[in-house]
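The values are calculated or read from the model by the stated rules, or taken from the named source; none is laboratory data. Since this is a predicted model, take the numbers as computed values, not measurements. All Cβ positions, glycine included, derive from the backbone under ideal geometry; neighbour counts span all protein chains shown.
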Amino acid sequence: VQHLVYPLTGLAGMWGAFQRSVAAMERVQEVFNEPPETRTLPSGEPLPEFKGSIEMKDIRFSYEGQTNALDRFNLMIPAGKVVALVGPSGAGKSTLFNLLMGFYKPQTGTILFDDQPIHLLSSSQLRGCTAYVPQETYLFDGTIRQNIAYGKDGASELELIRAAKEANAHEFIMSLPNGYDTEIGERGVRLSGGQKQRLAIARAILKDAPILLLDEATSALDSETEHQVQEALDRLMKERTTIVIAHRLSTIHHADLIAVVDKGRVIEQGTHHELLSKKGLYARLYQIQYSKERDELEMNKSG
Ligand code: ATP
């Protein structure tokens, strides 16, 4: 009897695994088959116009088999404001972005866009809510036009050029051998860091999502390029709710709110001056991370 039972339980186990993988495949297909522009809630009601407030309530999240990357994470961001996330490496800042883009779901807690829990949004609705500008711009082999148009299916030429102009990219694009049809990437023209960033910004402007997730680049650009990129970013941030993983002092100074993240939760929040006077983690980070930049600023002021 023993001999018979084991192979059967083995089979049952395999059947279970098979069923689970079929279910997983079906979920993947659901996502891919979804029409790109669903404008209703799962209940069939039309989606109210999204204004852009974000609320994270008691979020706990761990990557598979890991300790908590976010643990009782709470943050409220009013529509149209700029929030700077600062905190030590591994604090959970990028993980938060992953959740807001819907790449992972929190194990407990809720994320609300306006008053709508994001797990009720379809994946295409969720994708439409956020534009992400990473530290390192991802460009694929193809033309400049294709790389910008990636921000919006079926964008018109006019929209594309307007986005490039707002991103301070139009001029350098027009100076390339084939303008918007110039091939970039492996076999094409090599772009500078600042040019790549402006293409990423053009892409995000074209997407026109209400929430901007910005992972600020750490690499230094020359001051002219820096100015061009900053101006483009300022235009992109306008009238959008922005969460920025901040590496620059000026970004932090200009933010409406600074959230200090440590070990997966917000441990302090306020403006730059409020946080400095608390003499907590922010004040210490500020001392260590930004002292060089601050000294330069002060030298320029006095000089
Ligand atoms: P940094 O400033 O260095 O980018 P961060 O604040 O963005 O750090 P996260 O990248 O969110 O921090 O990392 C939070 C925790 O989750 C860390 O312990 C990290 O090792 C872990 N982690 C991040 N991404 C993954 C992943 N894909 N799989 C497993 N663990 C991960």
Inset, instruction - Note down all Cβ pairs under 7 Å where the first residue falls in the range 176-191 and is under 13 Å from Asn147 (Cα atoms) and of a type in the set (Lys, Arg), the second is modelled with pLDDT of 90 or more and loosely packed, with under 14 Cβ neighbours inside 10 Å, and they're at least six residues apart or on different chains. - result: none
Inset, instruction - Kindly indicate whether Ile201 is among the β-branched types (Val, Ile, Thr) and in a helix (DSSP H, G or I). - result: yes
Inset, instruction - Check Leu281 against each of (1) among the hydrophobic types (A, V, I, L, M, F, W, C); (2) under 21 Å from Phe73 (Cα atoms); (3) surrounded by fewer than 20 Cβ atoms within 10 Å (Cβ to Cβ); (4) more than 16 Å from the ligand (Cβ to nearest atom) and name the one condition it does not meet. - result: (4)
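Yes or no: Ile245 β-branched (Val, Ile, Thr), surrounded by 18 or more Cβ atoms within 10 Å (Cβ to Cβ) and farther than 29 Å from Gly80 by Cβ?
Numbers: β-branched (Val, Ile, Thr): yes; surrounded by 18 or more Cβ atoms within 10 Å (Cβ to Cβ): yes; farther than 29 Å from Gly80 by Cβ: no.
It is false that Ile245 is β-branched (Val, Ile, Thr), surrounded by 18 or more Cβ atoms within 10 Å (Cβ to Cβ) and farther than 29 Å from Gly80 by Cβ.
Could we say that Pro42 is at pLDDT below 95, near the ligand (Cβ under 9 Å from one of its atoms) and either assigned to a loop (DSSP other than H, G, I, E, B) or not basic (Lys, Arg) (or both) here?
Details: at pLDDT below 95: yes; near the ligand (Cβ under 9 Å from one of its atoms): no; either assigned to a loop (DSSP other than H, G, I, E, B) or not basic (Lys, Arg) (or both): yes.
No, not satisfied.
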Inset, instruction - Taking only the range 216-241 into account, find how many residues are within 17 Å of Gly80 (Cα to Cα) and among the polar types (S, T, N, Q). - result: 1
Inset, instruction - Provide a single number: the residues in the range 100-134 that are closer than 14 Å to Leu212 by Cβ and either touching a Phe, Trp or Tyr at 6+ places or on another chain (Cβ under 8 Å) or within 13 Å of the ligand (Cβ to nearest atom) (or both). - result: 6
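So that you can scan it fast, the table gives a plain yes or no per residue for (1) over 24 Å from Ile252 (Cα atoms); (2) crowded, with 16+ Cβ neighbours inside 10 Å; (3) modelled with pLDDT of 95 or more:
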| residue | (1), (2), (3) |
| --- | --- |
| Met56 | no, yes, yes |
| Gly65 | yes, no, no |
| Ala69 | no, yes, yes |
| Asn74 | no, no, yes |
Legend entry - Of residues in the range 76-93 being farther than 21 Å from Gly52 by Cβ and in contact (Cβ under 8 Å) with a residue 24 or more places away in the chain, the one surrounded by the fewest Cβ atoms within 10 Å (Cβ to Cβ): Pro88
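Here is a yes/no grid of residues against (1) in contact (Cβ under 8 Å) with a residue 12 or more places away in the chain; (2) within 14 Å of the ligand (Cβ to nearest atom):
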| residue | (1), (2) |
| --- | --- |
| Ser219 | yes, no |
| Ser223 | no, no |
| Arg240 | yes, no |
| Ile243 | yes, yes |
| Ala246 | yes, yes |
| His253 | yes, no |
| Asp256 | yes, no |
| Val261 | yes, yes |
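Checking the structure you have, find out if any residue of the range 196-219 is exposed (fewer than 13 other Cβ atoms within 10 Å of the Cβ), modelled with pLDDT under 90 and under 30 Å from Asn68 (Cβ atoms).
Taking the range 196-219 as the starting set, the residues that turn out to be exposed (fewer than 13 other Cβ atoms within 10 Å of the Cβ) are 218-219.
Checking which are modelled with pLDDT under 90 leaves us with 218-219.
Now narrow it down to the ones that are under 30 Å from Asn68 (Cβ atoms): 218.
Scanning the range 196-219 turns up at least one residue that is exposed (fewer than 13 other Cβ atoms within 10 Å of the Cβ), modelled with pLDDT under 90 and under 30 Å from Asn68 (Cβ atoms).
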Legend entry - Residue satisfying all of: in the range 51-68; farther than 16 Å from Leu213 by Cα and in a loop (DSSP other than H, G, I, E, B); nearest to the ligand (Cβ to nearest atom) among these: Tyr63
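Table: residues versus (1) buried (at least 18 other Cβ atoms within 10 Å of the Cβ); (2) under 22 Å from Leu70 (Cα atoms); (3) modelled with pLDDT of 95 or more.
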site	(1), (2), (3)
Leu233	yes, no, no
Ser250	no, no, no
Ile267	no, yes, yes
His273	no, no, no
Arg294	no, no, no
Leu297	no, no, no
Inset, instruction - Output the residues belonging to the range 69-99 that are within 14 Å of the ligand (Cβ to nearest atom) and assigned to a loop (DSSP other than H, G, I, E, B). - result: Ala69, Gly87, Pro88, Ser89, Gly90, Ala91, Gly92
